[in-house]
1. What's the Cα-based Rg to Rh of the chain, Rh via Kirkwood?
2. Between 0 and 90 degrees, rounded to the nearest ten: what's the tilt of helix 64-98 against the longest Cα principal axis of the chain?
3. Count neighbours as other Cβ atoms within 10 Å of each site's Cβ, and list the chymotrypsin sites (Phe, Trp or Tyr not before Pro) in the stretch 200-275 that are DSSP loop with at most 13 such neighbours.
4. Over all distinct Cα pairs, what is the inverse of the mean 1/r for the stretch 215-275, reported as the Kirkwood hydrodynamic radius in Å?
5. Can you tell me the orientation of helix 16-32 relative to the chain, as the angle in degrees between its alpha-carbon axis and the longest Cα principal axis, to the nearest 10?
6. Please compute P(r) over all alpha-carbon pairs of the stretch 165-275, binned at 5 Å starting from zero, and give each bin as a whole-number percent.
7. Between GLU167 and GLN109, take the C-beta separation as r, use R0 = 25 Å, and let me know the FRET efficiency to the nearest 0.05.
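We did not get these values from a lab; they are worked out from the coordinates using the rules stated. Here the structure is a predicted model, which means the values were calculated and not measured. Here the Cβ positions follow ideal geometry from the backbone for every residue, glycine too, while neighbour counts run over all protein chains shown.
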Amino acid sequence: MTVAVSRTAARWRPSAGRVLLVGAVLLVVVAALPWDAVGTDLSQRFAGPSAQHLFGTDQLGRDVLARLAVGARLSIGFTVVALALCTAIGTVLGLLAGWAGRVVGQAFQRLIDVLVSIPAIVVGLVVVAASEDPPDLGTLLLAVVLVGWTPFARLTFQLAARERGREYVEGAVALGAGTGRIVFRHVLPNLLRPLGAHACLRFANVLLSIAGLSFLGLGAQPPTPEWGAMLAEGRQYMFVAPQLVLLPALAVVGSALAVTLAGRALERRWDAANG
């Protein structure tokens, strides 16, 4: 009986991918609702939780729940876009470097070692200083992508170097397949699972970088309801209305933790599948 129950429990235990998918769908549904995140009502400044405003209001009488929900569109959506760009750029460059020869590979590794140590916030400051325009979401995306592709390039380079000795690669070479076909038609599909798990693990880093840059005024500008910008706005009212700081912070940390746990689970499954 105990064995049967344990098997049933294991059978119905949701996978990390399914949990992440359900959470993403719920987040999209909530964020897509017609929230009024910028409408002000000074008569409702710092109002407490109520049926009309479940999380209360901020210093301008704006609904905090509405701003959190709309902020998810920017914070989560922008993180996904930046992460997709970082993954694509890093994967392509890592694959090309992995097949370019030993000298190029060593030079590529040294370059990655230098770039990976540069924080996105420092790059953001440099980008803003070099630009004549005020900081905006374009500046934010550029700052994150400029350094965010490096971990993916390093992982792809390492995985590609290991795949070069596989039998299926040697077989493709023996059949006369070109380098591009071998790399992108045979090798790349075998790297998608570990790269997907790594993307989940990097999600937290990218999200925190975006929130940190916005907090410093290098990204979304008020009244745009981005989580980092909301933290910056609410910090001066922390002792009057602590929810203005706590709720955006919990949204950032909770989202980062959830995706990271899913990434860890996917990584363990991939490691187990590969022995």
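1. Result for the chain is an Rg/Rh of 1.07.
2. Around 20 degrees separate the two axes.
3. Working: sites: PHE203, PHE215, TRP227, TYR237, PHE239, TRP270; in loops: PHE239.
Counting only loop positions with at most 13 other Cβ atoms within 10 Å, the chymotrypsin sites (Phe, Trp or Tyr not before Pro) in the stretch 200-275 are PHE239.
4. 13.5
5. 40
6. Pair shares across the bins are 2, 11, 14, 13, 11, 10, 9, 8, 7, 6, 4, 3, 1, 1, 0.
7. Numbers: r = 26 Å, r/R0 = 1.03.
For R0 = 25 Å, the calculated efficiency reads 0.45.
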